[in-house]
Structures are given as structure tokens and as C-alpha cells.
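The values are calculated or read from the model by the stated rules, or taken from the named source; none is laboratory data. Everything numeric here is computed off the predicted structure, so don't read it as measured data. Counting neighbours? That spans all protein chains shown, and the Cβs are built from the backbone with ideal geometry, glycine included. These accessible areas exclude ligands, DNA and RNA; they are computed on the full protein's heavy atoms, side chains included. Shrake-Rupley method; radii C 1.70, N 1.55, O 1.52, S 1.80 Å.
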Amino acid sequence: MASIPQLLAWLTCDSIYVDPVTGKQSLLGIFTKIKARKFPFSHPRMVWFISLTDCIVGEHTLKICMGLPMEPAREILCRKFKSTSPAQRINLINEIHNLKFEQAGNHSVVIDIDDETILAMSFPVME
């Protein structure tokens, strides 16, 4: 039986700077909610930083869905990534452009790796 990947971090921020010499990643403008003056609203750009471990060797699929309670969730992101060792720490930088919110509320966020849910939480979008 394969192990389920472990989520070490999921952060939303404005940008990530990757130092070209050291490869270190600096997260800029971390935020936990969005405020908008009117709806529908499109957030111009954000980055979802995800750090994982315990991924078996090979190719994997990251999928992130979002939606309001009692509504079907929409797929925001689907991408492939590779693991070279279960001990490897994998940092995935995911740029999200023009994410549209039809109305305010606590939007659910579900993160799946290979169709296994590793995180389900709410993300407030407020007026």
C-alpha cells in the first residue's frame, strides 16, 4: 500500500522570489483572506506555495479545487510534478491569475495529490 503524501505547508502570497545563486525561496505578501469592494471580483495574481513530502518515486498530479458550500467546486489548478525519493521535500510554486469570485463567502479549498485529498479548508473572501 502506497503512503499518502504529507502536506507540510500551503500558503497564499503575492509573489515568491527565488534567489538565483542559492535557490532559496522568499515568500512575499502572505495573506489568508481576500477583501473586495464589489462582486463579481477577479484577483489579478496570487501564488499558492505548497510543500510536500512522502511522495513515492515517480510522477504525480496536484489538483486544487475551490467553491462555495452547496455549490460544485471548480478546478483551479491541475499540474504534474515528479518525486525522486519519499524523503524529498517538494516545493511547488503555483501562480494563479485572474481568479474570479462571484460572491463573498467562505470558499472551500481542496488539495488532492493523485486523487487523494491532503487538505480541505476554507478561504474567506469578504466585502
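Annotation note: Cβ proximity below 9 Å between a residue of segment 22-40 that is of a type in the set (A, V, I, L, M) and a residue that is outside any strand (DSSP E or B) (sequence gap 6+ or interchain) occurs for L27/D14; L28/D14; I30/D14; A36/A104; A36/E127. The set of residues from segment 61-72 being touching a residue at least 12 places away in the same chain (Cβ under 8 Å) and surrounded by fewer than 16 Cβ atoms within 10 Å (Cβ to Cβ) comprises T61, P69.
Of everything in segment 20-39 that's in contact with an Asp or Glu (Cβ under 9 Å, 6 or more places away or on another chain) and either at positive phi or in a loop (DSSP other than H, G, I, E, B) (or both), which residue is most open to solvent (accessible area, probe 1.4 Å)? Steps first, answer last, please.
Initially, segment 20-39 is screened for residues in contact with an Asp or Glu (Cβ under 9 Å, 6 or more places away or on another chain), giving 25-31, 35-39.
Retained after the next criterion (residues that are either at positive phi or in a loop (DSSP other than H, G, I, E, B) (or both)): 29-30, 36-39.
Numbers: G29: 37, I30: 97, A36: 8, R37: 228, K38: 151, F39: 51 Å².
The qualifying residue most open to solvent (accessible area, probe 1.4 Å) is R37.
Return the total of residues in segment 91-127 being open to solvent by less than 40 Å² (accessible area, probe 1.4 Å) and over 22 Å from D14 (Cβ atoms). Residues meeting the conditions: 4.
So, restricting to strands (runs of 3 or more DSSP E) that lie completely within segment 50-111, which ones have at least 1 residues that are over 26 Å from L28 (Cα atoms) and not acidic (D, E)?
58-67, 74-83
Residues in segment 41-58 that are surrounded by fewer than 14 Cβ atoms within 10 Å (Cβ to Cβ) and either closer than 25 Å to N106 by Cα or without any contact (Cβ under 8 Å) to a residue 24 or more places away in the chain (or both): S42, P44, R45.
For E95, the requirement of being acidic (D, E) and at pLDDT below 95 is not met. Here segment 1-17 is the region considered, the condition is being more than 22 Å from S108 (Cβ to Cβ) and at pLDDT below 95, and the residue that is surrounded by the fewest Cβ atoms within 10 Å (Cβ to Cβ) is M1.
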